[in-house]
1. Restricting to the stretch 1-40, name every residue that is within 12 Å of W164 (Cα to Cα), modelled with pLDDT of 85 or more and β-branched (V, I, T).
2. What's the number of the only condition in (1) part of a helix (DSSP H, G or I); (2) on the phi > 0 side of the Ramachandran plot that G121 fails to meet?
3. Out of G224, G209, report the one residue that is over 23 Å from T82 (Cα atoms) and in contact with a Cys (Cβ under 8 Å, 6 or more places away or on another chain).
4. Check K169, K149, K176 and return the single one that is surrounded by fewer than 14 Cβ atoms within 10 Å (Cβ to Cβ) and touching a residue at least 60 places away in the same chain (Cβ under 8 Å).
5. Exactly one condition in (1) touching a residue at least 60 places away in the same chain (Cβ under 8 Å); (2) more than 20 Å from the chain's Cα centre (by Cα); (3) under 25 Å from D48 (Cβ atoms); (4) crowded, with 16+ Cβ neighbours inside 10 Å is not met by Y158; state its number.
6. How many residues does the stretch 171-227 hold that are outside any loop (DSSP other than H, G, I, E, B), hydrophobic (A, V, I, L, M, F, W, C) and under 16 Å from the mean Cα position of the chain (by Cα)?
7. Based on what the data block shows, is R134 over 20 Å from K21 (Cα atoms), assigned to a helix (DSSP H, G or I), in contact (Cβ under 8 Å) with a residue 60 or more places away in the chain and among the charged types (D, E, K, R)?
Amino acid sequence: MTSRSSSQSTATSTPDLTGMKIAHRAMLDDTRRFAEILGRIGAGEPCDDRRRRAIGDYLTQLCASIHHHHTIEDEIVWPILTASAGAAVDVRELQDDHTELKALLAVLGTHVGGFARARSGDTRAAGNLAETLRQTHELLAEHIADEEKVVFPIVDRYVSVTDWDRVEKAARTGGKMSFEAPRMFRHADACELAKMRKEAGPIIRAVLGLLIRSYDKREAIIVGQAR
């Protein structure tokens, strides 16, 4: 891995953390809002089979997405940080968080399966899933806050653009783009959206348009607004 030289460290070109910032935002928003949705279902809000399947499918992909994100950090980001910053960075607590989150994601996956198989009117499965989602959200919120406080300044100061491009490439090639791409667009702010649209070519923008429409249709089912 290439460490940033002293001349590089004073350059204006630094790694673009937009993708990781949006990924963090999406994880936090999804775990929070699904905890609320499942809490309402657990309290008796109607949930037909189509809605149950849509929720189960989304959460299954969310668990895979979070696992993929943490795998990239464990296998690529942490080694790059260590090679680039040396003693200036210590990621051991963040690694411990990943171990705890991995165990919690396994429980979450079990409860997603239980909810997906539950019969209509079974509120206990929804309640169990809501509670696990709340726990996941709380642990993720604490972990992400620590990570952005510790890691982002280190990346900005020590990591080369070339090394960070490896992180971005791994995120793109290992994730399920039909899930990740529209989700990134829905969780981006106005400036981030403008940047992504500018960087995408016309063909990619057309494909994204189709993916976003499909994403929005599923969202309507998930929140209980589809007819």
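1. T14, T18
2. In the conditions (1) part of a helix (DSSP H, G or I); (2) on the phi > 0 side of the Ramachandran plot, G121 misses (1) alone.
3. Exactly one residue qualifies, and that residue is G224.
4. Unique residue meeting the criteria: K176.
5. Failing condition for Y158: (3).
6. The total comes to 6.
7. yes
Conditions tested, residue by residue: (1) farther than 30 Å from I41 by Cα; (2) assigned to a helix (DSSP H, G or I); (3) touching a Leu at 6+ places or on another chain (Cβ under 6 Å); (4) at pLDDT 95 or above.
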{"position": "G56", "(1), (2), (3), (4)": "no, yes, no, yes"}
{"position": "Q61", "(1), (2), (3), (4)": "no, yes, no, yes"}
{"position": "H70", "(1), (2), (3), (4)": "no, yes, no, yes"}
{"position": "D74", "(1), (2), (3), (4)": "yes, yes, no, yes"}
{"position": "D90", "(1), (2), (3), (4)": "yes, no, no, no"}
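The values are calculated or read from the model by the stated rules, or taken from the named source; none is laboratory data. What you see is a predicted model, and the numbers here were worked out from it, not measured in a lab. Positions of Cβ are backbone-derived with ideal geometry, glycine not excepted, and every protein chain shown enters the neighbour counts.
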